[in-house]
1. What is the number of the single condition among (1) in contact with an Asp or Glu (Cβ under 8 Å, 6 or more places away or on another chain); (2) surrounded by fewer than 21 Cβ atoms within 10 Å (Cβ to Cβ) that C:Leu240 does not meet?
2. Pull up region C:469-512, narrow it to residues that are open to solvent by 20 Å² or more (accessible area, probe 1.4 Å) and β-branched (Val, Ile, Thr), then point me to the one that is nearest to C:Phe368 (Cα to Cα).
3. Check region A:54-70 and report whether any residue there is hydroxyl-bearing (Ser, Thr, Tyr), touching a helix residue (DSSP H, G or I) at 6+ places or on another chain (Cβ under 8 Å) and modelled with pLDDT under 80.
4. Go through region B:126-160 and give me each residue that's more than 7 Å from chain A (Cβ to nearest Cβ) and either open to solvent by 40 Å² or more (accessible area, probe 1.4 Å) or on the phi > 0 side of the Ramachandran plot (or both).
5. Does B:Ser149 satisfy the condition of being in a loop (DSSP other than H, G, I, E, B) and either under 24 Å from B:Val22 (Cβ atoms) or charged (D, E, K, R) (or both)?
6. So which residues in region C:544-570 are closer than 22 Å to C:Gly399 by Cα and buried (at least 18 other Cβ atoms within 10 Å of the Cβ), if there are any at all?
7. Checking the condition in contact with a helix residue (DSSP H, G or I) (Cβ under 7 Å, 6 or more places away or on another chain) and within 30 Å of A:Gln94 (Cα to Cα), which residue from A:Leu29, A:Leu9 passes?
8. Name the single residue that is nearest to the other protein chains (Cβ to nearest Cβ) among those in region A:2-27 being farther than 20 Å from B:Gln171 by Cβ and open to solvent by 10 Å² or more (accessible area, probe 1.4 Å).
Amino acid sequence: MTPEDLRFLLVGAGLFILGAIGFLTRRNLILMVLSAELMMHGVSMTLVTFGRIHQTQEGQIFTIFTLTVAACEAGLALALVLSLYRKSHSLDIQLWSELREPDMPAPVQDAPARIDDGSGSYGDTPKLTPAGIVPKDPPRTKSSAGASSART
Amino acid sequence: MMDWLQAHPMTVVGLVLWAVGVLWLMPGKQAGSTRPKIPGLLLTAAGLFAFCLSCGKPQTQLADEVMFWVFAVSALLCGVLMITARNPVYAALWFALATLATCGLFLLQSAPFLAAATIIVYAGAVIVTFLFVIMLAQQSGAAGYDQKSGQSVMATISAFILLGAVAMTLQQEKLEIGVPVVVAKAKETNAAVAPSPPNMSAMMQASGSGSPAGLPTAPADAPEEKPAVPGNLLSSADPDHAVGDLKGLGRSLFSDYLFAVELAGTLLLVASIGAIALAPRREQGAL
Amino acid sequence: MSEEIQQLVLWLIPVAPLASAVITALLGPKLLRYKSHLPCWSALAVSFVCSLILLLKILPSMGSAAVDPSEVGTFAGPQVLVSGYEWLNVGDLHANIELRADSITAIMLTMVTGVSLLVSIFGSGYMSHDPGYPRFFAAVSMFVFSMCMLVLSGSFALLFVFWEAVGLCSYLLIGFWYQKPAAAAAAKKAFVVNRIGDFGLIMGIFLIWTNFGSLDFVTVLSDSARIAAVEVKNPGVIQLICFCLFLGAMGKSAQFPLQVWLPDAMEGPTPVSALIHAATMVTAGVYLVARCTPLFVMAPNAQLAVSAIGAATAAIAALTALTQMDLKRVLAYSTVSQLGFMFMALGCGAASAELVTPAVTAGMFHLFTHAFFKALLFLAAGSVMHAMGDVIDMRRFSGLKHALPITHWTFLVGAAALAGVPLLAGFWSKDDILAVLSEASHSKEHGLFFGVIWAVATGTAFLTAFYTFRAYFMTFCGPEKFPAEAGHHPHEATPIMAWPLRILAVCAALIGLAVGPTHLFANYLQKTMGLTPVPPDSQHLHWDVMALSSVVAIAGIGLAWMFYVASPKIPGAIASAMKPLYLISQGKFFLDEILKALVVLPLVGIAKLATVFDRGVIDCIVDSIGAIPKALSSIPRQFHTGVVSSYAGFMWAGVVAAVVLVLTMF
């Protein structure tokens, strides 16, 4: 390993940690995806450097595959972001804290960004019937579907 | 560890300055904190400079040296600006710049195809898509949640501790990168090859009308009796094609890694189908 | 008759009803619907014909070869053995599905299949328009299959299986109208009370297994020397076995104090009451005790208990029947009472060894005749019920003589047979029992005991005549009165219901005369394994007993006539004069209440204690164990904020820690 390789490795590591900082601190869904891409750049840089250290093609070939996967990931992530945005009309990640412990308070919101349609949950998110209890009324009636579409 | 701290004070100073700069630039816990950006930028730049300086000074040509400095500093600086940007559109643009700088570094590492592909994929496609989405979702400009950040101190400190650990490891050179098993075999095969790893300037010189000073760019720390780890577990160094040679890359991709290439293609197809399935439909209403 | 045909005949007896049950259950609800009786009829007819062939052709043809009177003690009698397949083969236990038929089996089979054929014909008329029509016939077929297998089984293991199977069918049929809470409760009660008896039975079977090393009837029962050897080795064990087996018989045959389920079982359809709860299933206990005679012979105390329980049951049931107003309940109590008679007879072997065979013969003979006239009485009562719009309270109708002539005549024949009017079926069999009892009362050892039993039996015979004709007079004589449910004009039984009544009436009238005084029944039955044939010259008719029982029967009928026809005011006067006694009888001796206080309430108390323990101690332990992780998790739970960034932060912290640790270690 030459000092030159060392410099590239350090730059890769720097890109990686910058992406990680962005992923952890930012609350915008798109910025988080972008930060993940920045981490990916750091990884690519490291892989290419390793390939050069070993004098083989694998580093670059692996980076090409990483690129492919990153493209897929970006497409899917944006689709997910869009569908999340459709439900909450916001890109704020803190709106989505349904997995918290039941007795934990919800994260403090800046503004009532979410549109509450009064159904107690996010619009037409599929609801699970609690096990063992006969549902009192059909979970999704035509009228409720109509109401949700009328809302949007 | 203490040895390293004493041996490389510059690295430590650079890391600390850099981290403070990032923290300065980062949006605070509360919205509306309008810190001036200039001190943060200065701190970051100083930290970056010290960090890159501490990486040692290899004996490369001046052109390489300049290009490395330009690309590395701009990549890292753009990264910092991206993750601290208040406006997501600016963040996307800083990311595009960081991508371009990274591609420059790829070129320096004799990976021209990769550099081109990354520019095409990221700057050409991904960034544009991101910008579309941002403009679709945030037509009213910067939102409240973009003015704030969570756990920034913890994230920054832990991240820079990681970077420091990596730097320490690399600078102590205790990590033997390379596999001794293939050394003996590689020795014979490598004998015929020019020992110099081709880099950007070497390639330019080789393609330019046969300059006599083309070859002596061999790094000094790669003596003949101890060839620098010329291969890995997967394959030995290719004697016919230098690293970054497009021909060798293509041959390797479509012979050794044909199956993986097909898999990656399938993955792209699946991902595009998935994205179409996930994306909101027209009859479900506009965004 | 060749071996194959014998086997075929023997197999057909149980398999035909089984096939009918399966076909009706599978095809009935969708395809056969109100034609569901057809498989049942044809299967039962096949079974009946095969039983007759077995009774009249196969066994007599074997008799001459197999009987060897010189070998006293190892008498197996003529029998047909057909092995099916090996069911269980565990260690020394070889439980095979095999059919074994001897004389007592053939008699039981003929009676069971004959009565069930007639009852199923009656039932298709009685149950018409019932939505559960296919279910009824599937269950009846299943019952006949189980009952045939019960009497055909060649080992205690198989006997127990089908003992339970008839109990299940009984449960299903008592609860046939499961929408009615009373029917569901009665079915449950019958099932639970039977479990007590079944516990005794299986304990007895276990004891037989440990002591004899086999469950096969032939191995266990045919060798009296072996039984004696077991008794010598383990003194008292035979007696214990007999008590256990008798407990099983008590449950199934509704003997005191387990008889409480049978009157309640009348909630089922009347054909079921006639078939299962009068003619066939409840006699399984009698069959079991008769079958195990060789064991009971070795345990005189058990036999005395059998007689005593029988006498107590007969008397209590007869006294209860005096005041019941529900026609079917009167008949149910009379069934219990008559079963008591059978057990009284079965216990007589304790008096002297010569009496064993006549005693068993008398009990089985009464079982045989009782099946016909009691089935007849129940079917006639069902016909009354059918005509009266399901009203069965005798106070709400009277004088049905002219409205229901066929029912009237057939009921009269059945009642007379039950009362013991001379020359009818019940007369001969009851007479046999009384004769055996009187002979037992002359024995040296237990003379006084059997004297008392005899007196009880005679008194019960009087009561039987009285309450039977009380029911008859209240129902068919007096001013004509119909309940509102019957509509304006009650309809007589349809031909499909009338013909089984007529046939059974003929049987009830004549069958006793045909096989009783001619000793046909006795001679046939005595070829059963374990019974010693009585020399023909010692068989004679007991004219003195006959005269006495005739007088008793006529007196009972006369008293009933006086009370309920001539001067109907007397019963009320007597009832008010002896109010406590009347109330005891009316309240069925408060047996249900006593059992509840003695058995159910303590159990409920224990259960409540257990609940307190469960809630207070066990739940407490379990809850506190569950509280430990909850308490431990109270701090880490704080980190589960649901915010994605914080989860990512924890992940990142872990990665940093791991990487830094690994890198600084080098």
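1. (1)
2. C:Ile511
3. Filtering region A:54-70 for residues hydroxyl-bearing (Ser, Thr, Tyr) gives A:56, A:63, A:66, A:68.
Remaining after also requiring touching a helix residue (DSSP H, G or I) at 6+ places or on another chain (Cβ under 8 Å): A:63, A:66, A:68.
From what is left, the residues that are modelled with pLDDT under 80 are none.
The answer is no, given that none of the residues of region A:54-70 is hydroxyl-bearing (Ser, Thr, Tyr), touching a helix residue (DSSP H, G or I) at 6+ places or on another chain (Cβ under 8 Å) and modelled with pLDDT under 80.
4. Those that are more than 7 Å from chain A (Cβ to nearest Cβ) and either open to solvent by 40 Å² or more (accessible area, probe 1.4 Å) or on the phi > 0 side of the Ramachandran plot (or both): B:Val128, B:Phe132, B:Met135, B:Leu136, B:Gln139, B:Ser140, B:Gly141, B:Ala142, B:Gln147, B:Val153, B:Met154, B:Ile157.
5. On the way: in a loop (DSSP other than H, G, I, E, B): yes; either under 24 Å from B:Val22 (Cβ atoms) or charged (D, E, K, R) (or both): yes.
When the stated conditions are applied, B:Ser149 passes them.
6. Selection gives C:Gly556, C:Ile557, C:Ala560, C:Phe563, C:Tyr564.
7. On the way: A:Leu9 fails: within 30 Å of A:Gln94 (Cα to Cα).
Every option except A:Leu29 fails the conditions.
8. Filtering region A:2-27 for residues that are farther than 20 Å from B:Gln171 by Cβ and open to solvent by 10 Å² or more (accessible area, probe 1.4 Å), the one nearest to the other protein chains (Cβ to nearest Cβ) comes out as A:Arg27.
The values are calculated or read from the model by the stated rules, or taken from the named source; none is laboratory data. Please read all numbers here as calculations on a predicted model, not as lab measurements. Glycine gets a Cβ as well: all are built from the backbone with ideal geometry, and neighbour counts include every protein chain shown. Surface accessibility is based on the protein's heavy atoms, side chains included, excluding ligands, DNA and RNA. Shrake-Rupley method; radii C 1.70, N 1.55, O 1.52, S 1.80 Å.
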